[in-house]
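Asker: Submitted below is the structure of interest, expressed as structure tokens.
The values are calculated or read from the model by the stated rules, or taken from the named source; none is laboratory data. From a predicted model like this one, the values you see are computed outputs, not experimental measurements. So basically every Cβ, Gly included, is an ideal-geometry build from the backbone, and we count neighbours across all protein chains shown. Just the protein is used for accessible areas: all its heavy atoms, side chains included, with ligands, DNA and RNA removed. Shrake-Rupley method; radii C 1.70, N 1.55, O 1.52, S 1.80 Å.
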Amino acid sequence: MTTNAQPQLRADNIDEVLKAMTLEEKAKLLVGGANNFFSANAVVGGEATLVAGAAGTSPEIARLGIPATVLTDGPAGVRIDPTRKGTDKTYYATAFPIGSCLASTWNTDLVSKVGEAIGNETKEYRCDVILGPGMNLHRNPLCGRNFEYYSEDPLLTGKIAAAYINGVQSQGAGVSAKHFAVNSQETDRTSVDERISQRAAREIYLRGFEIAVRESNPWTIMASYNKINGEFSMGNHDLLTKILRDDWGYQGIVMTDWIGIREGLPTIREVQAGNDLMEPGQPAQVEEIIKGVKDGKLPIADVDRNVRRMLEYIVKTPSFHKYPASNAPDFKAHAAITRQSAAEGIVLLKNNGTLPWKGYVKTVALFGENSYDFLSGGTGSGCVHPPYVIDMLEGLKNAGIQSSPTLTDIYRKYIDYARVKFQAERHPAKWYQNEYFGQQKYPEFGLSPIAIGKEVQTADAAIITIGRQAGEGVDRDIDTEFNLIPEERALIVDVCNAFHQSGKPVIVIINSGSVIETASWSGYPDAILCAWQPGMEGGNSIADLLTGKVNPSGKLTMTWPLAATDHPSTKNFPGALDDYTFQMMVGNNAPIPGHAYTNHEEDIYVGYRYFDTFNRDVAYPFGYGLSYTTFEFSKPSCRVDGRGTTVNITVTVKNTGNLAGKEVAQVYVQAPKGRLEKPVQELKAFAKTRELKPGESQTLTMAVPVRNLASFDEANSQWLTEAGTYTFRIGSSSRDIQATASVTLKEYTEKTTNALAPKAKLNLMKQ
Ligand code: BGC
């Protein structure tokens with residue numbers, strides 16, 4: 001019902017509603033509410049309890065029919081409180097595979113299905129937006145949140161994110177692509193200044209977001225906490241307006257990351273920069289906006305522009321449409337999706353022929369505490385509270401494989417003890433060390449060779465699960481988190497020695513959100529599966545692969561280095577300073593590298609762009625992953641279309657082995673020598689086959705727009721694809737190129753702006 005005095009919001013009367021809003025209402029709409037977790041902060045509005053445990057809300061203005069909307073973490077499923085006061089009903093949500101695992105499927109159709117299921121749960125739990133996908137790059141293996149993110153490569157990140165976003169949004173729920181941008185470390189994430197070249201920013205760190213914006217139009221984007229070249233992302237006009245909206249044509253809203261108030265960053269600057277929603281807001285911010293307009297410091301046109309965008313967002317939401325949330329998603333259907341997507345995202349790193357087990361393994365000795373306390377996801381806002389987690393024990397049992405009762409008893413007792421001890425000893429300031437923020441990891445303990453020897457007698461094979469936990473707010477430590485601890489090393493060596501003496505195989509399962517050291521021990525076991533943190537059906541997904549029910553087709557989305565220090569960024573990563581130097585700098589009040597600022601000296605040489613260009617050995621290359629069958633790639637054909645804007649690549653993939661399986665064609669492009677320095681090759685397209693039977697072939701066609709071959713030419717503030725011959729190298733990892741084809745291209749340029757210029761000259765790595 002619309003009256004002139006009080007129009008009620010509809011999709012077609014946004015102008016009218018905007019006109020009817022008072023300045024106070026406009027200011028209020030730009031400042032979001034918090035959930036009960038953040039209620040220690042002064043919370044705006046009374047919407048906080050709409051959905052217990054959801055991260056935030058956008059404010060309601062009842063007079064004009066503007067409903068509150070609910071924002072929930074994200075990204076591996078809906079993160080709300082699983083129980084509520086005054087009811088026995090539970091609100092568990094499906095824990096889907098973490099970002100690294102999803103991306104390792106290289107299967108955009110499958111990721112879309114996961115997105116659809118997550119969108120459905122978002123809506124069914126009365127939420128409007130899932131705070132994901134996490135799209136920051138794996139700049140360094142030590143970042144605590146790598147598990148939420150997809151890859152070290154921007155194209156893969158953008159394509160997987162677009163698939164996830166299209167899936168979620170097809171359900172009428174929204175996403176928040178985060179954290180925009182250059183948020184690849186957790187240490188001092190709310191204040192650190194990321195000092196980076198325009199080229200690395202545009203070409204590496206922003207590229208994934210650009211692809212997602214262009215290919216999936218996310219309803220919302222979350223600005224990151226950090227600064228980029230001296231300016232907070234949340235108040236960065238270059239980032240939020242010049243690049244995001246003017247260059248890429250983004251139409252949705254931008255919100256802050258949580259507890260958005262940053263020292264030295266006035267809210268009015270955020271509004272002007274193009275940040276539409278302060279999350280979670282504080283009353284002082286509403287006042288600041290009102291005063292800013294009254295004092296003439298904040299143009300009302302900027303406020304109106306952001307309010308209009310908010311209204312355009314709100315009319316799309318389930319809350320606006322009064323969607324009747326069931327609070328009862330279809331767990332059975334979603335369990336099947338998580339099981340399948342995890343099985344496709346798990347990567348077979350080594351196999352000496354022992355896998356798949358075709359019935360000859362009936363009893364397994366299960367080692368490693370995470371076999372019994374399997375990590376389905378990471379910690380922090382990215383954790384999900386699932387109704388159950390299938391661990392290794394249960395997964396094997398479901399596949400008809402028995403495990404040792406002695407080991408089960410030993411490990412279960414240890415886990416019970418460790419849980420109590422850990423909680424008692426936990427430091428109160430370490431908020432993430434709490435089950436509410438995800439499963440905790442307890443240290444592995446030593447098991448005597450005698451105990452191991454006994455297991456050899458009854459088991460046909462051994463499995464050792466090596467677990468790692470990490471998450472929001474803390475980066476990883478090299479010695480105890482990237483590397484194995486002595487107890488883990490001893491376990492691998494002792495179990496392998498004992499089982500191999502009896503001719504029995506040993507499989508290592510890596511249950512970690514991110515990369516660990518493997519080179520020093522990978523020679524011992526017969527097979528290694530990187531299972532990531534594969535969601536609540538993890539044990540079933542792994543059993544599907546062990547038994548050959550599913551043929552592995554996951555491929556790494558990041559390089560596994562020999563040592564963490566092999567990454568050039570490690571040198572500038574927090575924690576790399578020795579204690580003495582650190583103390584000296586603190587004492588001097590000097591800004592501490594890695595903390596006050598992070599120098600991106602490696603520039604565009606992130607991940608394989610570094611390792612392949614500088615010819616460094618790695619443990620497992622980008623794109624790597626084994627199968628139980630073999631494939632062959634035909635000679636590809638590469639053709640430039642009539643307008644010269646797209647290169648079309650066609651290649652036929654044939655299953656040349658004895659088992660059905662899927663393969664990924666990865667297209668790396670080598671550019672001609674030109675004015676701009678280029679990595680030796682860059683991923684520019686990929687496609688995954690359907691399941692091919694032995695002897696079966698599939699022809700894949702991929703399109704690479706010529707603009708996607710461009711590098712950012714800082715001197716001229718433009719994208720530049722230089723003229724010359726480009727080689728399209730097709731293979732099954734960045735180091736396993738099997739066929740090539742070339743095309744000659746004319747120069748292509750696209751003018752942009754001088755946005756995000758560094759404040760001082762940077763010292764950058766060169767070839
Ligand atoms: C995290 C975001 C998250 C938000 C809400 C922040 O601390 O960085 O990723 O969505 O909290 O929980």
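Asker: Rounded, prolate or oblate: which fits region 532-669 when a ≥ b ≥ c are the square roots of the eigenvalues of the alpha-carbon gyration tensor, with rounded for a/c under 1.5 and prolate only if a/b beats b/c?
Answerer: Because a/c hits 1.5 or more and a/b fails to exceed b/c, region 532-669 counts as oblate.
Asker: Over region 249-399, what is the relative contact order in percent, taking alpha-carbon pairs closer than 8 angstrom and at least six residues apart?
Answerer: The normalised contact order for region 249-399 reaches 16 percent.
Asker: Work out from phi, with θ = phi - 60° and the Karplus expression 6.51 cos²θ - 1.76 cosθ + 1.60, the ³J(HN,Hα) of each residue of region 594-608, listed in order in whole Hz, and give x for Gly and Pro.
Answerer: Rounded to whole hertz, the list is x, 10, 6, 8, 10, 8, 8, 5, 6, 6, 7, 8, 9, x, 5.
Asker: Show me the ranking of peptides 79-86, 589-596 by mean Cβ neighbours inside 10 Å, starting with the highest.
Answerer: 79-86, 589-596
Asker: Once R0 is set to 41 Å, what does the formula 1/(1 + (r/R0)^6) return for the Cβ-Cβ distance between Thr656 and Thr744, expressed as a FRET efficiency to the nearest 0.05?
Answerer: 0.80
Asker: With θ taken as phi - 60° and the coefficients 6.51, -1.76 and 1.60, list the Karplus ³J(HN,Hα) couplings across region 421-433 in order, rounded to whole Hz; mark glycine and proline as x.
Answerer: Per-residue couplings from phi come out as 4, 4, 5, 5, 8, 5, 7, x, 6, 8, 4, 6, 8 Hz.
Asker: With a 1.4 Å probe and every protein chain left in place, work out the accessible area per residue of region 279-387 in Å², rounded to a whole number.
Answerer: Per-residue value: 37 Å².
Asker: Please list, ordered by chain and number, the residues whose modelled amide H lies under 5 Å from the amide H of Asp460; skip anything fewer than 5 residues away on the same chain.
Answerer: The list, which skips near neighbours in sequence, is Lys362, Thr363, Val364, Ala365.
Asker: To the nearest 10 degrees, how steep is helix 108-124 against the longest Cα principal axis of the chain, on a 0 to 90 scale?
Answerer: The angle comes out at about 60 degrees.
Asker: Whole-Hz Karplus ³J(HN,Hα) for region 651-668, in order, using 6.51 cos²θ - 1.76 cosθ + 1.60 and θ = phi - 60°, x for Gly and Pro?
Answerer: Result, rounded to whole Hz: 9, 9, 10, 10, 7, 9, x, 9, 10, 5, x, 10, 9, 10, 8, 10, 10, 9.
Asker: Quote the accessible area belonging to Met21 in square angstrom, nearest 10, computed with a 1.4 Å probe and with ligands, DNA and RNA left uncounted.
Answerer: Answer for Met21: close to 10 Å² accessible.
Asker: Further question: Could you look at the chain and say what percent of its accessible area is carbon and sulfur, using a 1.4 Å probe and all protein chains?
Answerer: Answer for the chain is 51 percent, counting heavy atoms of protein chains only.
Asker: Still on this structure, I have one more. Taking the Cα centre as origin and putting +1 on Lys and Arg beta-carbons and -1 on Asp and Glu beta-carbons, what dipole magnitude results for the chain, to the nearest 20 debye?
Answerer: 1320
Asker: In addition: For the chain, divide the Cα radius of gyration by the Kirkwood radius and give the resulting Rg/Rh value with two decimals.
Answerer: 0.97
Asker: Stretched out fully, how many nm does the piece from Asn217 to Ser502 gain, at 0.36 nm a residue minus the Cα gap?
Answerer: Taking Asn217 through Ser502 to full extension adds about 96.9 nm, to one decimal.
Asker: At 222 nm, what helix-only mean residue ellipticity would the chain give, in deg cm²/dmol to the nearest 500, using -39500 (n - 2.57) for each DSSP H run of four or more?
Answerer: Theoretical 222 nm ellipticity from helices: -7500 deg cm²/dmol.
Asker: For Gly382, enumerate residues with amide H under 5 Å from its amide H, sequence gap 5+ or separate chain, H modeled in the peptide plane.
Answerer: Glu472
Asker: Per-residue accessible area for Glu425 at 1.4 Å probe radius, Å² rounded to 10?
Answerer: 120
Asker: Under 1.5 on a/c is rounded, so check that first for region 472-538, then, if it is not, pick prolate when a/b is larger than b/c and oblate when it is not; a ≥ b ≥ c are the square roots of the alpha carbon gyration tensor eigenvalues.
Answerer: Because a/c hits 1.5 or more and a/b fails to exceed b/c, region 472-538 counts as oblate.
Asker: Can I ask one more? Averaged over every viewing direction, what's the projected area of the C-alpha convex hull for region 386-471? Give it in nm², one decimal, please.
Answerer: 7.0
Asker: Could you tell me which of rounded, prolate or oblate describes region 321-436, using a ≥ b ≥ c as the square roots of the eigenvalues of the alpha-carbon gyration tensor, with rounded for a/c under 1.5 and, failing that, prolate when a/b is larger than b/c and oblate otherwise?
Answerer: It comes out oblate by the Cα gyration axes.
Asker: Ignoring ligands, DNA and RNA, what accessible area per residue does region 670-767 give at 1.4 Å, in Å²?
Answerer: 49
Asker: Also: Please compute the contact order of the chain in relative form: average sequence separation of alpha-carbon pairs under 8 Å and at least six residues apart, divided by the residue count, as a percent.
Answerer: 14
Asker: Set the Förster distance to 60 Å, then compute FRET efficiency between Thr630 and Lys19 from the Cβ-Cβ distance, nearest 0.05.
Answerer: Efficiency computed from Cβ-Cβ geometry: 0.35.
Asker: Here is a follow-up. Modelling each spin label as a point 7 Å along the Cα-to-Cβ direction, I'd like the Ala301/Ser522 distance in nm, to one decimal.
Answerer: 5.8
Asker: As a quick test, which of the pairs Lys227/Lys678; Lys297/Lys322; Lys19/Lys227; Lys113/Lys555 have an alpha carbon distance above 29 angstrom in this structure?
Answerer: Pairs exceeding 29 Å: Lys297/Lys322; Lys19/Lys227.
Asker: Right, something else. How would you rank 435-446, 562-573, highest first, on the average number of other Cβ atoms within 10 Å across their residues?
Answerer: Answer by packing, highest mean first, reads 562-573, 435-446.
Asker: Now a separate question. Loop only per DSSP, at most 15 neighbouring Cβ atoms within 10 Å: give me the trypsin sites (Lys or Arg not before Pro) in region 699-751, ordered by residue number.
Answerer: Lys746
Asker: Stretched out fully, how many nm does the piece from Ile450 to Thr83 gain, at 0.36 nm a residue minus the Cα gap?
Answerer: 127.7 nm
Asker: Please list, in chain and number order, the residues 5+ apart from Thr465 or on another chain whose amide H is under 5 Å from its amide H, with Hs placed from the backbone.
Answerer: Here Phe367, Gly368, Ser371, Ile509 satisfy the definition.
Asker: In Å², and per residue, what accessible area does region 148-203 have when probed at 1.4 Å with the other protein chains present?
Answerer: 14
Asker: Dipole magnitude of region 132-234 about its Cα centre, charges +1 at Lys/Arg Cβ and -1 at Asp/Glu Cβ only, in debye to the nearest 20?
Answerer: 120
Asker: How long is the gain from Ala429 to Gln583 if the chain were fully straight, where each residue apart is worth 0.36 nm and the alpha carbon distance is subtracted?
Answerer: Gain on stretching Ala429 to Gln583: 53.3 nm.
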